[in-house]
Amino acid sequence: MTLAAARVGRVAFPAIGTTATVLVTEPAAAHAAGAMLRTDLTALDLTCSRFRSDSEIRRLELRAGHPVQVGAILAGVLDAALRAAALTDGLVDPTVGRAMAAIGYDRDLADVPPAGPAVTPEPAAGWWRIGWDPRTWEVLLPRGITLDVGATAKALAADRAAGRIAAALGCGVVVGLGGDLAVAGPVPAGGWQVLVTDDHTTTDPVDGQGVVVSSGGLATSGTVRRRWRRGGCGFHHIVDPRTGAPATGWRTVSVAAATCLDANTASTAAVVLRAAAPAWLAERGLPARLVAEDGTVHAVAGWPDDGTAVR
Amino acid sequence: VEHIRRSRLSARDDGLRRAGRITGWATVGSGVAMVAIASVLAGGQAQAASDPQPPSAPAPSSAPNTTPKTTPGTGTGLQPPTTVPHASHGRGSHITSGSS
């Protein structure tokens with residue numbers, strides 16, 4: 001017997017360079033949930049956008065070399081980004097801003113020329129150079145460092161928005177920001193049904209795997225979107241901080257964790273880790289689905305097998 | 001023998017550095033994000049703890065002690081989900097997780 005997904009309320013809109021979606025178990029609450037998510041993402045963009053000259057993170061860079069007290073949103077984002085860097089030994093590094101710019105991703109993706117002359121990758125400056133006091137929210141950013149907190153900021157925002165909306169509206173919530181999903185509150189009958197696939201805009205189940213999620217976070221990092229060419233070579237938005245070159249080996253990595261932030265941290269690190277990723281994820285007990293560039297699917301740490309996975 | 005001894009000492013030092021870094025994050029660095037995540041996991045009950053603090057009254061250094069060390073997502077490592085995803089046998093899906 002097959003069952004259709006339970007009816008829920010849904011609002012989706014473009015935001016922070018991707019698609020923002022909020023699902024609620026009470027359809028009547030969808031409008032209010034959407035408004036709350038919009039408010040959160042507007043504030044996040046104004047704080048963390050790498051491409052807005054008026055963002056707090058850009059203004060922080062203008063004061064490099066001096067201690068600066070940041071606001072609550074940036075404090076949370078920096079704390080999360082540095083925690084992710086520490087827990088992955090720098091595989092996820094917020095100082096990759098210059099590395100991204102060096103390979104051509106120096107403006108909104110829509111404005112990045114699809115092709116251009118050859119570029120030279122530049123390693124990340126190194127997250128450990130950032131001075132950060134979580135008690136006073138004071139940052140000391142060395143000169144020359146450009147921050148890119150996109151991945152962890154998005155996941156943290158999903159966690160926070162889901163929790164806030166569930167608490168305020170008293171219903172079950174999923175917040176999806178691109179490939180990053182955060183679950184809070186009660187789940188609908190049958191659980192939250194998620195299609196895990198290469199591209200977050202896909203709705204065709206033939207292209208992915210259906211799973212049921214009831215808590216925490218699920219994140220997918222991949223190399224099939226946000227692509228461009230320089231010097232005849234393909235580039236994408238996940239770079240190895242150690243080299244500044246685009247990570248290769250995995251098309252997508254999807255990870256389930258206690259929070260969307262932890263799921264995103266692990267999925268991004270796994271893309272960078274290449275062949276070592278399955279063992280790294282298994283060692284941490286993080287259920288994951290990894291799709292190699294040749295389409296081979298690997299499932300680790302209890303991720304459900306759809307009959308195609310290599311274990 | 002000297003080479004092996006140096007190699008072992010180097011490995012030990014690497015381990016100590018890593019342990020020190022993680023311990024540091026556990027005892028000192030569980031600041032804003034960790035409190036915020038705790039509020040998410042508590043279904044918003046701890047929302048007040050993650051509210052912005054005025055610059056003149058920075059987050060108290062005792063804040064990490066208010067967060068149970070066993071709370072998922074706030075420990076020293078990446079935390080697995082409390083419930084592992086299972087296969088869906090339905091036709092539809094509520095949402096998609098993919099590259100963005």
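The values are calculated or read from the model by the stated rules, or taken from the named source; none is laboratory data. Quick caveat, the model's predicted, so the values are computed rather than measured. Backbone-built Cβ (ideal geometry, glycine too); neighbour counts: all protein chains shown.
Look through region A:129-157, keep the residues that are within 11 Å of another protein chain (Cβ to nearest Cβ) and more than 21 Å from the chain's Cα centre (by Cα), and return whichever of them is surrounded by the most Cβ atoms within 10 Å (Cβ to Cβ).
A:Pro134
Wholly within region A:52-151, which strands (runs of 3 or more DSSP E) include no fewer than the required count, namely at least 1 residues that are out of contact with any strand residue (DSSP E or B) (no Cβ under 6 Å at 6 or more places or on another chain)?
In region A:52-151, A:131-133 are the strands (runs of 3 or more DSSP E) which contain 1 or more residues that are out of contact with any strand residue (DSSP E or B) (no Cβ under 6 Å at 6 or more places or on another chain).
Give region A:17-56 a look and list any residue that's of a type in the set (Val, Ile, Thr) and modelled with pLDDT of 95 or more, or say none. Walk me through how you get there before you give the answer.
Restricting attention to region A:17-56, the residues satisfying the condition of being of a type in the set (Val, Ile, Thr) are A:18-19, A:21-22, A:24-25, A:39, A:42, A:47.
A:Thr21, A:Val22, A:Val24, A:Thr25, A:Thr39, A:Thr42, A:Thr47 - these are the residues of region A:17-56 that are of a type in the set (Val, Ile, Thr) and modelled with pLDDT of 95 or more.
Assess whether A:Leu290 counts as being at pLDDT 90 or above and more than 17 Å from A:Asp199 (Cβ to Cβ). So that I can check it myself, show each step before the final result.
Working: at pLDDT 90 or above: yes; more than 17 Å from A:Asp199 (Cβ to Cβ): no.
In short, no.
Among the residues of region A:158-184, which ones are of a type in the set (A, V, I, L, M) and in contact with a Lys or Arg (Cβ under 7 Å, 6 or more places away or on another chain)?
The answer is A:Leu177, and nothing else.
Can you tell me which residues in region A:184-193 are touching a Leu at 6+ places or on another chain (Cβ under 8 Å) and either assigned to a strand (DSSP E or B) or at pLDDT 95 or above (or both)?
Residue satisfying the conditions is A:Trp192 alone.
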